[in-house]
Amino acid sequence: MIAIGLGEPKHAERFCGKLAPGITCLTDSTNTSHTAYGLTHLGLGAAVGSVLATARAVAAGHVQGQATGDQTMLPGTFIVDTGGVVRYAYYSKHAGDHPNIEDLIKVGSETKRQGG
C-alpha cells in the first residue's frame, strides 16, 4: 500500500512512520499525480464548505499544523490493484472530506483476496 501526498520527501519522512506505519509514503511537489487521477482545485462553492468544515473541526478541538504543497488541491482516496485498475475512487469535496473507512476496508480486502 502507498500513500501520495503533496509536498517534499521530508514531509513524508516526518509524518508517515508516525501516522501510517507499514505504508509506503511518497510525495509529489507538483500536482502531477493528483491531476492524473482527476483531482481538482478548490472552487468557490467548495471553499464555502471548506470554511464551514474547518470551523466545525476547530470547535471540536482538531487543529492542523502548517500546510504544505498546493493548499487549493482537493484530496482523494483511491484503491488501485497491482494491474493498475482503479477499484475504488473517492473525490473529496473539501480538505476534511474523507471516505467511509468501512468502504475502504471492504474494497481493499476484496482487491487483496482477488490477488490485486
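Observations, loosely collected:
- Inter-label distance for Thr32 and Leu104, nm, one decimal - labels placed 7 Å from Cα along Cα-to-Cβ: 2.5
- Order of Leu104, Leu6 under a 10 Å beta carbon neighbour criterion, fewest first: Leu104, Leu6
- Net charge of Cβ neighbours under 14 Å - reference Ile2; Lys, Arg +1; Asp, Glu -1: -2
- Over the chain: Kirkwood hydrodynamic radius from C-alpha pairwise inverse distances, Å: 15.6
- Burial ordering of His11, His62, His41, fewest other beta-carbon atoms within 10 Å first: His62, His41, His11
- Fewest-first sequence of Glu110, Glu13 by Cβ atoms within 10 Å of each Cβ: Glu13, Glu110
- DSSP beta bridges fully contained in segment 2-113 are about 55 percent antiparallel.
Coordinate-derived values only; no laboratory data. Please read all numbers here as calculations on a predicted model, not as lab measurements. Because the Cβ atoms are built from the backbone with ideal geometry, glycine has one as well, and the counts that use them run over all protein chains shown.
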